[in-house]
1. Label-point separation (nm) for residue 78 and residue 207, each offset 7 Å from Cα along Cα-to-Cβ?
2. May I ask you to give the solvent-accessible area per residue for segment 134-232, in square angstrom, as obtained with a 1.4 angstrom probe?
Amino acid sequence: MKLVEELGRIPVRVDEWLRYGLKNEYTNQFADIFERQESRTLEGLDGLFCRPWWTRVWVVQEVSVAKQDMVRVICGRRSVAWTDILTAAHAIEHCWFLVRDRIQQRYPERRCEGYNEGIRMGQCRRDRAADPPFKLLELMHQHRDCDATDARDHLYGLWGLAGDSEDLGIVPDYLTPPHDTFKAFVKSIVTHTGSLDVLCACQQPTHLQDLPSWVPDWSMHRQTAVICISERYCGGDTFPGCPSRNFEKYNAAGNS
């Protein structure tokens, strides 16, 4: 947690980098800090990002709608600013090979992928005045590997963050069974957009019974590589902090 705070002090104006992305100008300063750390400290930092808290779908909304300067992350007896946590995640990304090699010298089995959870969370705090709001289908793809006790929360937990929820006519309803909720979502998406992009999320087998093959089971983690469904992610970093790198949009049907 002390390391997180130290990394968080490096960006001069956190509000600007949250909006426009963390620039490479800080990479050398991050590297200097990481070089001074013991392997177990860096392993602990990765472990912090691997905790189950990051995987809960409702946490995405809690963090996204809260006032930025009010959010704090508590671990044990210490707490740090949310912006420091995000800075630490992006610092690891900028110094990935350095951090990974230092950790794996002592912990060779460590996958060192925890920081991705922090970056994924950071995507939701886009400045809606400067960027198009995320669509519900985008959010559900982006947070496909989150967990929820109720399968319907994979939809309803992100509903309040999407810019097109009202247009889709979706209203949270916990009286409707999950498989009917997911069917209605697909029909709404296809009807409203005239696109079959939602089918890219389908995979078999599913957890839910009586689910048609054309309806994604959002309660399942992704089993295959993501097919790019949004122009926002094409060709790499088309907006600051883009979570999907070097994707090309599929075009199997040409212009039809």
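The values are calculated or read from the model by the stated rules, or taken from the named source; none is laboratory data. Since this is a predicted model, take the numbers as computed values, not measurements. For neighbour counting, all protein chains shown are included, and Cβ atoms are generated from backbone atoms with ideal geometry for every residue, glycine included. Quick note on the areas: whole protein, heavy atoms, side chains included, nothing else; ligands and nucleic acids left out. Shrake-Rupley method; radii C 1.70, N 1.55, O 1.52, S 1.80 Å.
1. Taking the two extended label points, one gets 3.3 nm.
2. Details: 4740 Å² over 99 residues.
I get 48 Å² per residue for this part.
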